[in-house]
Amino acid sequence: MNVEIACTLRARLLGLYGRDAFDGVLMLVPCNDVHTFVMRQAIDVAFVAADGAVLEVHRDVPPNRRLRNGHAAATLERFASDEPWF
């Protein structure tokens, strides 16, 4: 599986925006707050703690939503899929 790390402010703000396809997972670090404003398709989101534990998973998040987990150190995003994360 392809994992891309977004660690700059610009990369984290853009996330998956503007991509028609992405075969993998985008890891936003540090990140505990994501939005799907201006997105054209639904995404899956997982909030991850500093120790790597998955705190929360949201599947098929439609455009124009905002999700937050104050305990997360990173967030994983991918285009909505029925497939397992890894």
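The values are calculated or read from the model by the stated rules, or taken from the named source; none is laboratory data. All values derive from a computational prediction rather than experimental measurement. For neighbour counting, all protein chains shown are included, and Cβ atoms are generated from backbone atoms with ideal geometry for every residue, glycine included. We work out accessible area using only protein heavy atoms, side chains counted, and drop any ligands, DNA or RNA first. Shrake-Rupley method; radii C 1.70, N 1.55, O 1.52, S 1.80 Å.
Values for this structure:
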{"quantity": "Region 34-73 - Rg and Dmax from Cα coordinates, angstrom", "calculated": "10.8, 32"}
{"quantity": "Order by protection proxy (mean Cβ within 10 Å, highest first), peptides 5-13, 42-50", "calculated": "42-50, 5-13"}
{"quantity": "Solvent-accessible area, 1.4 Å probe, carbon plus sulfur percent, for the chain", "calculated": "54 percent"}
{"quantity": "Options [x] 0.98; [y] 0.95; [z] 0.91 - which one matches Rg/Rh (Cα atoms, Kirkwood Rh) as calculated here", "calculated": "[z]"}
{"quantity": "Derived scalar couplings ³J(HN,Hα) [region 72-77; Karplus, 6.51 cos²θ - 1.76 cosθ + 1.60; whole Hz; x for Gly, Pro]", "calculated": "6, 9, 8, 9, 9, 10"}
{"quantity": "Rel. contact order, % - alpha carbon contacts under 8 angstrom, at least six apart, region 39-86", "calculated": "47 percent"}
{"quantity": "DSSP bridge pairs, the chain: antiparallel proportion in percent, nearest 5", "calculated": "75 percent"}
{"quantity": "Taking the chain and dividing mean pair separation by its residue count, relative contact order in percent (alpha carbons under 8 Å, at least six apart)", "calculated": "33 percent"}
{"quantity": "The chain: calculated mean residue ellipticity at 222 nm from DSSP helix runs of at least 4, using -39500 (n - 2.57)", "calculated": "-1500 deg cm²/dmol"}
{"quantity": "Most fluctuating residue given options Arg19, Arg59, Arg40, as computed from a GNM of the chain linking Cα atoms under 10 Å", "calculated": "Arg19"}
{"quantity": "Residue-normalised accessible area of the chain, expressed per residue, 1.4 Å probe, Å²", "calculated": "61 Å²"}
